[in-house]
Amino acid sequence: MFNIVLVHPQIPNNTGAIGRLCVNTGATLHLIKPLGFDISEKAVRRSGLDYWHKLDLKVWENLEEFFDSVQQHDRFFYGTTKTDKPYFEFEFQEDDYLFFGSETAGLPADLLAKFPQQCMTIPMTKEGRSLNLAICTGIILYEAIKQNFVGYKELM
């Protein structure tokens, strides 16, 4: 299935909600430290409800460790407000990695600069600055599932 990568998440409730989303979609959740909270915190467990123990969770010490361990860099996609290319123009494949940055800073600029063709955004009006991290993750993950739904029918 898919991989969700949260780089330096800050808000435990968002991570908990994304964990629940991952369990319900069969996605693996990768957390890249530093985290703005302890993953054993009550807020993470509460948001993930009784799903947290079912989560396929991988925690990485930093981006370098993650990139050294996962070699499919051409199947990495980066959610950001710093591009004009909408997420629905991408063709996702099972096992892709969907990256999202912290709620306060987004993805690191040097990471986005390395992979400009793999950066995607969710279109929104000029009145809004950004969407909630869990909502962004859900929007893009379900687009990826929609494009690959045949493989998901086996999970149902």
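The values are calculated or read from the model by the stated rules, or taken from the named source; none is laboratory data. Nothing here was measured: the structure is a model prediction, and the numbers come from that model. Here Cβ is always computed from backbone atoms with ideal geometry, including for glycine, and neighbour counts include all displayed protein chains.
Kindly evaluate GLY138 against the criterion of being under 13 Å from the mean Cα position of the chain (by Cα) and closer than 23 Å to ASP74 by Cβ. No: the conditions fail for GLY138.
Just one of the listed residues (PHE92, PHE99) is surrounded by 16 or more Cβ atoms within 10 Å (Cβ to Cβ) and in a loop (DSSP other than H, G, I, E, B), namely PHE92. Consider ALA144 carefully, then state whether it is more than 18 Å from ILE32 (Cα to Cα) and either exposed (fewer than 13 other Cβ atoms within 10 Å of the Cβ) or under 14 Å from the mean Cα position of the chain (by Cα) (or both). Spelling it out, ALA144 is indeed more than 18 Å from ILE32 (Cα to Cα) and either exposed (fewer than 13 other Cβ atoms within 10 Å of the Cβ) or under 14 Å from the mean Cα position of the chain (by Cα) (or both).
Within the range 67-79, the residues that satisfy the criterion of being within 24 Å of ASN24 (Cα to Cα) and either hydroxyl-bearing (Ser, Thr, Tyr) or not in a loop (DSSP other than H, G, I, E, B) (or both) are ARG75, PHE76, PHE77, TYR78, GLY79. Number of residues in the range 110-152 that are within 17 Å of ASN24 (Cα to Cα), touching a residue at least 60 places away in the same chain (Cβ under 8 Å) and not in a helix (DSSP H, G or I): the value is 0.
Does LEU63 satisfy being modelled with pLDDT of 95 or more, buried (at least 20 other Cβ atoms within 10 Å of the Cβ) and aliphatic (A, V, I, L, M)? It is false that LEU63 is modelled with pLDDT of 95 or more, buried (at least 20 other Cβ atoms within 10 Å of the Cβ) and aliphatic (A, V, I, L, M). Looking across the range 1-50 at every residue that is assigned to a helix (DSSP H, G or I) and surrounded by fewer than 17 Cβ atoms within 10 Å (Cβ to Cβ), the one that is modelled with the highest pLDDT is identified as ASN24. For first residues located in the range 52-64 and within 13 Å of ILE18 (Cα to Cα), partners that are among the hydroxyl-bearing types (Ser, Thr, Tyr) and not in a strand (DSSP E or B) and lie 6+ apart or on another chain with Cβ distances below 8 Å do not occur.
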